[in-house]
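What follows is one structure encoded as structure tokens, with my remarks underneath.
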Amino acid sequence: MEVRIFDTTLRDGEQSPGAAMRPSDRLRIGRALDRAGVDVIEAGFPAASPAVAASVAEIAAVVKRATVAALARAHDGDIAAAWDAIRRARNPRIHTFIATSPIHMEHKLRMEPRQVLAAVKNAVRGARALCHDVEFSAEDATRSDREFLVEVFQTAVDNGATTLNLPDTVGFTQPDEYRDLIAFLRRRVRGSERAVFSVHCHNDLGSAVANTLAAIRGGAGQVECTINGIGERAGNCALEEVLAALCIRRDIYDVDVRVEMQAIPALSKMVARATGMPLQKNKAVVGANAFAHESGIHQDGVLKHRATYEVVPAELLGRRAANLHLGRQSGRHAIRVRLERLGYSFEKPELDAFYRSFLEMANTKREITDADLRTIAGRIPAPQLAQMA
Ligand SMILES: [Zn+2]
């Protein structure tokens, strides 16, 4: 089975507080996502402003392979603005949505459920009259009544929606529950096998990636995510983490994805720079420490066999090798290997002397660099030092 990767870095991701990007950066990211093999790029919400609409149109014009989606509330005006922005895309998609949970219908929309159903019908039908590819989202699906969701998605399918998305808008659901919801809707919505079920997770309880992966096992054929997991509040499901899990645990998921893992580090840096949101060091897959080892036991293990402490081969991400961070927890094995790389070869007594000096320095510095190692080596008495060529 194939799982489509729908990237919403340029729409939901940009809704991170303070993450607004320049149009030129948005364009560069759109191109890079396309080259990386992302299936759908959600380029923005054109009804938000003329500037957003212009940026979406610019991205739609340059993307070569991916589908370009634009978001629209279930209003005629939004749908017209979305279509206007993406009509020149090679593969355009209108993505329309309305909230379906009691709390959103009552307090935000101030609409009765039957009015919401009428809006779904009108929006999907109107979008389908313009574009053959229409995604419908039931906002706050995970806090909606299940029987009502059946009616909502039945209406969407009957009026021509080709993708049915169940957003976990507030990051509330948990893996088993979400997987079960997808399986329930696949069973209950007649004709839904003609459409693709999609998931969209937020990370308020730290469960976005786990929920997305569980949904794939429940039959989701599209996952919505962002680079570096940026997005409203605690963010969205991180694209790179889902991708790594699908690649490394193929034995469990057994699905095909088109996105190239090697393209991820550059995309991650590009998005961090464009949004001004630097990555935490211990961020999975793309953090600076994701392939770094500090303790002596781990470094010794990695030097003997990388897989002892690394489940993601660094080469998958276009990285060369594990990064052995030298600090006060490092052991002799890692230090000896690093010294050899620098051209020093010590016999055991010299290595012991070196190690004592190393520990002294490491107690006062967080990281010992190659220059520090050379300084210490320079202090080891000359007769004991056999420097190689
Ligand atoms: Zn969202």
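Table: residues versus (1) among the polar types (S, T, N, Q); (2) in contact with a Pro (Cβ under 9 Å, 6 or more places away or on another chain).
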| residue | (1), (2) |
| --- | --- |
| Cys247 | no, no |
| Asp256 | no, no |
| Asn282 | yes, no |
| Arg319 | no, yes |
| Ala334 | no, no |
| Ser345 | yes, no |
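Restricting attention to the range 17-42, the residues that are small (Gly, Ala, Ser) and under 22 Å from Glu135 (Cβ atoms) add up to 3.
Table: residues versus (1) away from the ligand (no atom under 16 Å from the Cβ); (2) under 20 Å from Met21 (Cα atoms); (3) among the small types (Gly, Ala, Ser); (4) not in a strand (DSSP E or B).
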position: Ala210; (1), (2), (3), (4): yes, no, yes, yes
position: Ile264; (1), (2), (3), (4): yes, yes, no, yes
position: Lys283; (1), (2), (3), (4): yes, no, no, yes
position: Asp300; (1), (2), (3), (4): yes, no, no, yes
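Looking at Asp180, is it assigned by TED's automatic domain parsing to the domain that holds Ile94, within 13 Å of the ligand (Cβ to nearest atom) and farther than 18 Å from Asp133 by Cα? Against the criterion (assigned by TED's automatic domain parsing to the domain that holds Ile94, within 13 Å of the ligand (Cβ to nearest atom) and farther than 18 Å from Asp133 by Cα), Asp180 does not qualify.
Do you know which of the residues in the range 3-56 that are at pLDDT below 95 and surrounded by fewer than 16 Cβ atoms within 10 Å (Cβ to Cβ) is nearest to the ligand (Cβ to nearest atom)? The residue in question is Pro17.
Just one of the listed residues (Ile98, Ile94, Ile41, Ile86) is more than 24 Å from Gln154 (Cα to Cα) and in contact (Cβ under 8 Å) with a residue 40 or more places away in the chain, namely Ile86.
For the range 213-244, which residues satisfy the criterion of being at negative phi and either surrounded by fewer than 21 Cβ atoms within 10 Å (Cβ to Cβ) or in a loop (DSSP other than H, G, I, E, B) (or both)? Give the derivation first.
In the first step, residues of the range 213-244 are kept if they are at negative phi; the result is 213-218, 220-227, 230, 232, 234, 236-244.
Arg217, Gly218, Ala220, Gly221, Ile230, Glu232, Ala234, Cys237 - these are the residues of the range 213-244 that are at negative phi and either surrounded by fewer than 21 Cβ atoms within 10 Å (Cβ to Cβ) or in a loop (DSSP other than H, G, I, E, B) (or both).
Among the numbered conditions (1) under 24 Å from Pro46 (Cα atoms); (2) without any contact (Cβ under 8 Å) to a residue 12 or more places away in the chain, the only one that Lys121 does not meet is (2).
The values are calculated or read from the model by the stated rules, or taken from the named source; none is laboratory data. Predicted model, so just to flag it, every value in this text is computed and none were measured. As a convention, Cβ positions derive from the backbone with ideal geometry for all residues, glycine included, and neighbour counts pool all protein chains shown.
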